[in-house]
Amino acid sequence: MSNCIFCKIVKGEIPAAKVYEGKKFIAFLDISPANKGHALIIPKKHYEKLEEMPDEDGKEFGELQVKIAKAVMKATNAEGFNLLLNNGKAAGQEVMHAHMHIQPRFSSDDFHYKWTHKEYEEGEMQKFQQKIKQFL
């Protein structure tokens, strides 16, 4: 995509503090981090959403999350980390190129997600269970 900032990073048109580069993926530091050491992993090929990624690439993407998260934890001495992928505008995705955030976390960082909880009506959970299983 010609106007995609992440595609421009992949092409070298925009500089990035890369921490990893492989054949299909790169990882670099977020320029507006939740905490220092906050990294992004992106596919080199433009996929707007995660579900557009082929299964083979998805497997590598998942393995890379573990590898980069371990490195971020060691480098930052973080107490934990969040993995975050906003998939689609309704989920808060701002850059329309699939990407995973690895956010190092500290008990003193004062960074919080607001999480609301819903309840299933009687029998509704089983309906969703069956619908999801149908598409696997």
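The values are calculated or read from the model by the stated rules, or taken from the named source; none is laboratory data. The model shown is predicted, which means the values in this text are computed figures rather than measured ones. Cβ sites come from the backbone with ideal geometry, for glycine too, and all protein chains shown count toward neighbours. What goes into the accessible areas is simple: the full protein's heavy atoms, side chains included, and nothing from ligands, DNA or RNA. Shrake-Rupley method; radii C 1.70, N 1.55, O 1.52, S 1.80 Å.
If residue 108 passes every condition in (1) open to solvent by 30 Å² or more (accessible area, probe 1.4 Å); (2) among the small types (Gly, Ala, Ser); (3) touching a strand residue (DSSP E or B) at 6+ places or on another chain (Cβ under 9 Å) but one, which one does it miss?
Answer for residue 108: the failing condition is (3).
Run residue 83 past the list (1) in contact (Cβ under 8 Å) with a residue 24 or more places away in the chain; (2) of a type in the set (A, V, I, L, M, F, W, C); (3) surrounded by fewer than 17 Cβ atoms within 10 Å (Cβ to Cβ); (4) not in a loop (DSSP other than H, G, I, E, B) and report the number of the one that doesn't hold.
(1)
Mind checking which pairs have a first residue in segment 25-51 that is of a type in the set (Val, Ile, Thr) and modelled with pLDDT of 95 or more and a second that is part of a loop (DSSP other than H, G, I, E, B) and open to solvent by 50 Å² or more (accessible area, probe 1.4 Å), Cβ under 6 Å, 6 or more apart or different chains?
Close Cβ pairs satisfying both conditions: none exist.
Please list, ordered by first then second residue, the pairs with beta carbon atoms under 6 Å, 6 or more apart or interchain, first in segment 111-136 and surrounded by 10 or more Cβ atoms within 10 Å (Cβ to Cβ), second in a loop (DSSP other than H, G, I, E, B).
Qualifying pairs under 6 Å: 111/34.
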